[in-house]
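Have a look at the structure below, then the notes.
The values are calculated or read from the model by the stated rules, or taken from the named source; none is laboratory data. Quick caveat, the model's predicted, so the values are computed rather than measured. With ideal geometry, Cβ positions are generated from the backbone for all residues, glycine too; neighbour counts draw on all protein chains shown. SASA here: full protein model, heavy atoms, side chains in, ligands and nucleic acids out. Shrake-Rupley method; radii C 1.70, N 1.55, O 1.52, S 1.80 Å.
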Amino acid sequence: IIIVFSILIFVNFHSVSLENESLGSFKTGQEIDNNELEKNDQFSFENEVVYSKKGNEDFLVTSNNKQQIISIINESQDGNIKTSKGIKVNDTFQDVVKAYGKEYKNLWFVEGYETGIQYQDKDEQLLLEFFFNEDKLYRIELIKK
């Protein structure tokens, strides 16, 4: 039974290329730029520091202890904050699928949202997640695994 289950997971796993993925002007792995970001002590931990974009608390960047970006979260309605394929908050589910394709995984637990989908890049160890209410995009997350 375990072998069959493992085969099903492997067969159903779809990896898409997110190699050059960004959110706004930020990418995972890049060093923190203190000119655009300010530390947010409310959400920071010992090994992870959270920053918000200056003047925009709906855009958060988390860095590891090496000052490298490990996740980016955007809930801002600033139309200039887009993914590398032009997706921004308030776009539709169809806009996201048109830009990134049908090789997504449905997220089962998306508290506060009706729907969530995830694109995975196995080679780059990246996750790109989109969260929707009433077919409208409310949150984008780019995460280095």
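Some notes on this structure:
- Net charge of neighbours whose Cβ lies under 9 Å from the Cβ of residue 52, counting Lys and Arg as +1 and Asp and Glu as -1: 0
- Dipole magnitude for the chain: computed about the Cα centre from +1 point charges on Lys and Arg Cβ and -1 point charges on Asp and Glu Cβ, it is near 380 debye.
- Positive-end residue, the chain charge dipole about Cα centroid, Cβ charges, pick of 50, 137, 40: 137
- Dipole of the chain [Lys/Arg +1, Asp/Glu -1 at C-beta], most positive-end residue of 83, 59, 71: 83
- Percentage relative contact order, the chain, counting C-alpha pairs under 8 Å, at least six apart: 23
- Sparse-neighbour loop sites [GluC sites (Glu not before Pro); region 80-137; at most 14 other C-beta within 10 Å; DSSP]: 103, 111, 114, 134
- GluC sites (Glu not before Pro) within region 33-90: DSSP coil, no more than 11 neighbouring Cβ in 10 Å: 46
- Exposure rule at most 16 other beta-carbon atoms within 10 Å, DSSP loop chymotrypsin sites (Phe, Trp or Tyr not before Pro): the chain longest free segment: 46-107
- With all protein chains modelled, accessible area of residue 92 [1.4 Å, Å²]: 40
- Matching label, Rg and Dmax of the Cα atoms in Å computed from the structure shown, candidates [x] 14.5, 41; [y] 17.4, 59; [z] 15.9, 54: [z]
- In sequence order, calculated HN-Hα J values of region 71-82 (Karplus, 6.51, -1.76, 1.60; Hz; x Gly/Pro): 7, 9, 10, 10, 10, 6, 8, 5, x, 7, 8, 10
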